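First comes the structure, then the notes that go with it.
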Amino acid sequence: MKKTFTIIGLLFILGFSYVVPTATEVFASSTESDRLLVKLVAADGSEFIESVSTEEFELLDGVEVLQPDFMRYAAIETAAIGSNSWGKERIGVKKAAHKLMPGEDSVIIAVIDTGVDYTHPLLKDRIVAGYDVINNTSDPMDVHFHGTHIAGIIVDSTPANVKIMPIRAMDDEGKGYDSDISTAIRFAVDNGADIINLSFVGEGFSQYLVDALDYAISNNVLVVVVAGNNGADTADYFPASEQNVIVVSATDQNDDIASFSNAGDAIDLSAPGVGIVSSLPGNRYGSLTGTSMAAPFVSGVAAMIKLDDPSRSMKEIERLLKKYVDDRGAVGWDPIFGEGIVNIASYDEPRRVSADVAGMDFSDFISLPSVRNVPLTKEWRIEFTRQLSKKDIIDVRVFRGSDLVPIRLRSSVETKEIVATPVSSYAASSSYKLVIRVKNGKDYQMDFYTVD
């Protein structure tokens, strides 16, 4: 189990460029699609689906129309002036930082949106290769601002090994067709995304988009979507009405549901979505409001849960997301807040045993004096002589023979210690080995024997 002591957060300092997008920039509305999804036959007889304009369709003969190629739009409501990003504090990431310390693994969140300004100082070190679906290029530069803002929320509230895969599937007005979005989802899955964030909504049900979402889910990729900003029922919007994804409503600083946020049977969780400060293209920052801002908080928390135990499945991550909430509204689930407002401040979950750690070579480790008559629930306190920093990676494990024993770790930066506790009691009259590995430091081993 690797624990990285990382201070999560972004310090906004005097002198940065802060802007408020104009009303023209912010608002995008649903319109009837001017394109159709049709089934065509290639020269070799194989069938494929293509998006065509209404003008192009009139030139085709005998093709099967599957559905309109619906247009989705960015789920932002207003732009406003704000001085700090309160959302990450509300969801508990600062308090949970010492419990959710990642190891050497990374988690990739695909932001399928208007692209991302990958040159932004906040984002440039957190980007993996992406894709511009619209232009069919490898350059997903943001042509709007929405995607950059979404990516910034994720980066600002997660540790450094949560990476962003920017995929541009929406245009300079914050609108995108189902055909492009579906291609983007499949690209994300095929190129290693663990989580997909979709901060857009629309009014038409799309089986074509459902098929793409199902492709992600069948490949154990978690999909987080927005509830929408219409103050209406999610049943009338898509993918907000989809039951197999995580649907997020928006709350304000008083823990009230935002007046614009949709509600309905599909709501799973809620998160901050009013006056959220984040990055904007061109080395700028700004505050936006909408369910678009709520979804990336949930995506970021999901990534940290995945980092804490990379073996966790999509379903297990969903279960934990719904476990660590502050219940609001009616007791338990309700159609406004879902299970509640995401809050991982109290996060405390044991990791699963990983089979690939058996058979380690301890010959170069420093041996500590063995200990006998160890209680079956013994806590091991590992103290350090200096303040732990974000560069410290401490790996603590317990073995019984060649088998890894599940343990729970907690740490304290103030007392400069890590405490290791067995998830279940040790076996009586048994021998164990405690292993401590310090990146860029020394490695230690200690044998201990439990009481009869």
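Of all residues in the range 50-72, those satisfying the criterion of being among the β-branched types (Val, Ile, Thr) and surrounded by fewer than 16 Cβ atoms within 10 Å (Cβ to Cβ) are Thr54, Val63, Val65. So, of the residues in the range 109-136 that are more than 17 Å from the chain's Cα centre (by Cα) and outside any loop (DSSP other than H, G, I, E, B), which turns out to be farthest from Tyr177 (Cα to Cα)? For the range 109-136, the residue satisfying everything is Tyr131.
Would you point out which residue out of Ser311, Ser287 is over 19 Å from Ala97 (Cβ atoms) and buried (at least 24 other Cβ atoms within 10 Å of the Cβ)? Even if it seems obvious, please write down each step before you answer.
Values: Ser311 fails: buried (at least 24 other Cβ atoms within 10 Å of the Cβ).
Selected residue: Ser287, the only one of Ser311, Ser287 that is over 19 Å from Ala97 (Cβ atoms) and buried (at least 24 other Cβ atoms within 10 Å of the Cβ).
For Ser241, the test of being buried (at least 17 other Cβ atoms within 10 Å of the Cβ), outside any loop (DSSP other than H, G, I, E, B) and touching a helix residue (DSSP H, G or I) at 6+ places or on another chain (Cβ under 6 Å) is failed. Among the conditions (1) at pLDDT below 95; (2) surrounded by 20 or more Cβ atoms within 10 Å (Cβ to Cβ), the only one that Val155 does not satisfy is (1). Residue check: is Asp256 under 22 Å from the mean Cα position of the chain (by Cα), more than 23 Å from Ile195 (Cβ to Cβ) and surrounded by fewer than 24 Cβ atoms within 10 Å (Cβ to Cβ)? Criteria not met by Asp256. Residues in the range 348-392 that are over 17 Å from Asp443 (Cβ atoms) and of a type in the set (Asp, Glu) were compared, and the one that is modelled with the lowest pLDDT is Asp356. Would you check if there is a residue in the range 286-308 being basic (Lys, Arg) and in a helix (DSSP H, G or I)? Yes - at least one qualifying residue is present in the range 286-308. Residues that are more than 25 Å from Gly204 (Cβ to Cβ) and assigned to a loop (DSSP other than H, G, I, E, B) within the range 137-176 comprise Ser138, Asp139, Pro140, Met141, Asp142, Phe145, Ser157, Thr158, Pro159, Ala160, Asn161, listed in sequence order.
The values are calculated or read from the model by the stated rules, or taken from the named source; none is laboratory data. These numbers were taken from a predicted model, which means no experiment stands behind them. We place every Cβ from the backbone using ideal geometry, glycine too, and count neighbours over all the protein chains shown.
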